[in-house]
Amino acid sequence: MSNVLRYAMAGLFAVAGVFAARSEASVVIGGTRVVYPAQEKEVTVKLSNEGSKPALVQIWLDNGDERSTPDTTKVPFTITPPIFRLDQGKSQAVRVLYMKEPLPTDKESLFWVNVLEVPPSPAPGDDRNLLQFAFRTRIKLFFRPAGLPGDVATAPGKLAWKLLPNANSKSLSLQVNNPTPYYVNFAHVGIKSGETSMGDQGGGMVAPGGTTTFPLKDVTARPSGDVKVEFSVITDYGALSPMVVPLSG
């Protein structure tokens, strides 16, 4: 079993030709992120097979290394079941348990949930030329200690934003400082002058107590008038919360 999954991680399966290809994932994660409150004994991740065939699924956590495998990752969690068959139209609840190894108690910690989907082998007698792929999906898991000051919902309003020159180009950048103990995730970040939005560079994240810089696309000079920061925060539930706030400096 482990050898099969190692080959899947390499990205190729049963390459017999290129005339037909299975190019979409069937296994869907029930959510865009996982929040693990430290006081909980466990949390669950729901997986559903929305395809037309069964799939072999392996799930593990890592601490930020995209190249990690179930054999090399080192995290203070265990997952059950780590490997299972998921039939078409069926769902599986996977349990994530914290093993009580020390983690910071004054801020959130970030881990990643990996879901590897391996497609079934071609049926006996199927002589079509097939190219099959294994699909790996990663979503964030936030470990949230009990008793953190403030609230995750109010954290975005406490961010401090500055408009700065970009050291690597002629464009400007937005620098955000996060004084809170919570991760803040963005769907997009830009600026707004009057009714005009500009500089949207996509999403990103700022860590607790950390600073992140967002280059502003095609913004080479500070706009005239009252410039504000325009961004959307991704909540614990995967919803988008748009905000417009003044610059801090």
Exercise. Identify all residues within the range 132-148 that are among the aliphatic types (A, V, I, L, M) and at pLDDT below 95; write none if there are none.
Key: A134
Quiz item: Just wondering, is there one or more residues in the range 82-94 that are modelled with pLDDT of 95 or more, under 17 Å from the mean Cα position of the chain (by Cα) and crowded, with 16+ Cβ neighbours inside 10 Å?
Solution: no
Quiz item: Do you know which residues across the range 107-131 are assigned to a loop (DSSP other than H, G, I, E, B) and modelled with pLDDT of 95 or more?
Solution: K107, E108
Exercise. Give the residues of the range 46-97 that are of a type in the set (S, T, N, Q), touching a helix residue (DSSP H, G or I) at 6+ places or on another chain (Cβ under 9 Å) and not in a loop (DSSP other than H, G, I, E, B), sorted by residue number.
Key: Q58
Practice problem: State which residue is nearest to W112 (Cα to Cα) when the search covers only the range 201-228 and only residues that are crowded, with 18+ Cβ neighbours inside 10 Å and in contact with an Asp or Glu (Cβ under 9 Å, 6 or more places away or on another chain). | Solution: P208
Quiz item: Can you list the strands (runs of 3 or more DSSP E) found entirely within the range 196-249 that contain at least 1 residues being of a type outside the set (A, V, I, L, M) and in contact (Cβ under 8 Å) with a residue 40 or more places away in the chain?
Solution: 211-215, 227-234, 240-246
Quiz item: Only one of (1) farther than 30 Å from P145 by Cβ; (2) surrounded by fewer than 16 Cβ atoms within 10 Å (Cβ to Cβ); (3) touching a Leu at 6+ places or on another chain (Cβ under 8 Å) is not met by S173, so which one is it?
Solution: (2)
Quiz item: Is it the case that the range 141-162 has a residue that's surrounded by 12 or more Cβ atoms within 10 Å (Cβ to Cβ) and under 30 Å from P54 (Cβ atoms)?
Solution: yes
Quiz item: If you go through the range 172-189, how many residues are under 15 Å from F231 (Cβ atoms) and assigned to a strand (DSSP E or B)?
Solution: 11
Quiz item: Which condition number does L216 fail, the rest of (1) of a type outside the set (S, T, N, Q); (2) modelled with pLDDT under 95; (3) farther than 18 Å from M243 by Cα; (4) touching a Ser or Thr at 6+ places or on another chain (Cβ under 8 Å) being met?
Solution: (3)
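The values are calculated or read from the model by the stated rules, or taken from the named source; none is laboratory data. Here the structure is a predicted model, which means the values were calculated and not measured. Cβ sites come from the backbone with ideal geometry, for glycine too, and all protein chains shown count toward neighbours.
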